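J.: Have a look at the structure that comes next, please.
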Amino acid sequence: ICRKIKATKCNVLLVQKSIIKESICSLALQILAEMQIMVIKDIERDDLEFIVNSLNCVPIADIESMKHENFAFADCVEERLYGQEKIIIFKGVKNVSCKTATVVIRSSNTLLLKEAERSFYDALCVIRSIIRRRYLVAGGGSSEIEISFNLRQFSKSITGVDCFCIIAFASSLEIIPYILSENAGLEPIQVISKLKK
């Protein structure tokens, strides 16, 4: 089997994790290492579809269907050690239909790691939403200041009690950027005066 693999000119072999027995024996690993074929074993079934789509290759069930057109091509495949985790990096993947990237998030404890994952996921969702629907509402209290400004302009055209109600509502909208800037450690009065300009 090892000679057949070598004959196909395959130099990196990805092996799925087996739940029944060892997916590849130690003797085969040794022979493949002597033939200078890198073996990445124990790939989870859940990760297999992502790897197939990322590398643009076809999963192979038996040695007879190992053909050149089913292979993926990359400039460099390397194994790096981050802490106690091994990470396989594929660089310069050829003929890719969809571009993918992997982001490694590390932290000193589990709580910070979960928070970083949530923040990263939220950021990706924001980007996805902007790409799908090209609308963007500015944050940081800028929309509230704009509404407040327009309400004050509108109140100049009205007389009576309604004018005072509109001015009071416009003033209440300015509380939001005031609190946001105060929580950020900025000088709230300066921030609001800059936003009003």
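The values are calculated or read from the model by the stated rules, or taken from the named source; none is laboratory data. All figures in this text were calculated on a predicted structure; none of them were measured in a lab. Cβ placement follows ideal geometry from the backbone for every residue including glycine, while neighbour counts extend to all protein chains displayed. Ligands, DNA and RNA are excluded from the accessible area calculation, which covers all protein heavy atoms including side chains. Shrake-Rupley method; radii C 1.70, N 1.55, O 1.52, S 1.80 Å.
J.: Within region 162-191, which residues are surrounded by 15 or more Cβ atoms within 10 Å (Cβ to Cβ) and not small (Gly, Ala, Ser)?
T.: 166, 167, 173, 174, 176, 177, 178, 180, 188, 191
J.: Another question, if that's okay. Pairs needed: first member in region 178-197, free of Cβ contacts under 8 Å to residues at least 60 places away in the same chain; second member anywhere, aromatic (Phe, Trp, Tyr) and part of a helix (DSSP H, G or I); C-beta distance under 7 Å; at least 6 residues apart or different chains.
T.: Every condition considered, the pairs that remain are 188/178; 192/178; 196/149.
J.: Within region 133-161, can you find the residues that are assigned to a helix (DSSP H, G or I), open to solvent by 80 Å² or more (accessible area, probe 1.4 Å), of a type in the set (Val, Ile, Thr) and within 25 Å of residue 184 (Cβ to Cβ)?
T.: The one that is assigned to a helix (DSSP H, G or I), open to solvent by 80 Å² or more (accessible area, probe 1.4 Å), of a type in the set (Val, Ile, Thr) and within 25 Å of residue 184 (Cβ to Cβ): 147.
J.: Let me ask something else. Assuming residue 115 fulfils every condition listed in (1) open to solvent by less than 60 Å² (accessible area, probe 1.4 Å); (2) under 30 Å from residue 178 (Cβ atoms); (3) without any contact (Cβ under 8 Å) to a residue 24 or more places away in the chain apart from one, which condition is it?
T.: Among (1) open to solvent by less than 60 Å² (accessible area, probe 1.4 Å); (2) under 30 Å from residue 178 (Cβ atoms); (3) without any contact (Cβ under 8 Å) to a residue 24 or more places away in the chain, residue 115 violates only (1).
J.: I'm checking my understanding of the structure. Among residues of region 83-115 that are within 30 Å of residue 71 (Cα to Cα) and charged (D, E, K, R), which one is nearest to the chain's Cα centre (by Cα)?
T.: 99
J.: A further question follows. Being touching a strand residue (DSSP E or B) at 6+ places or on another chain (Cβ under 8 Å) and either without any contact (Cβ under 8 Å) to a residue 40 or more places away in the chain or open to solvent by less than 50 Å² (accessible area, probe 1.4 Å) (or both) narrows it down to one of 61, 74, 101, so name that one.
T.: Exactly one residue qualifies, and that residue is 74.
J.: Go through region 79-119 and give me each residue that's polar (S, T, N, Q) and part of a loop (DSSP other than H, G, I, E, B).
T.: 84, 95, 97, 100, 102, 107, 108, 109
J.: Right, residue 13: part of a helix (DSSP H, G or I), surrounded by 13 or more Cβ atoms within 10 Å (Cβ to Cβ) and in contact (Cβ under 8 Å) with a residue 12 or more places away in the chain or not?
T.: Considered against the rule, which asks whether it is part of a helix (DSSP H, G or I), surrounded by 13 or more Cβ atoms within 10 Å (Cβ to Cβ) and in contact (Cβ under 8 Å) with a residue 12 or more places away in the chain, residue 13 comes out as no.
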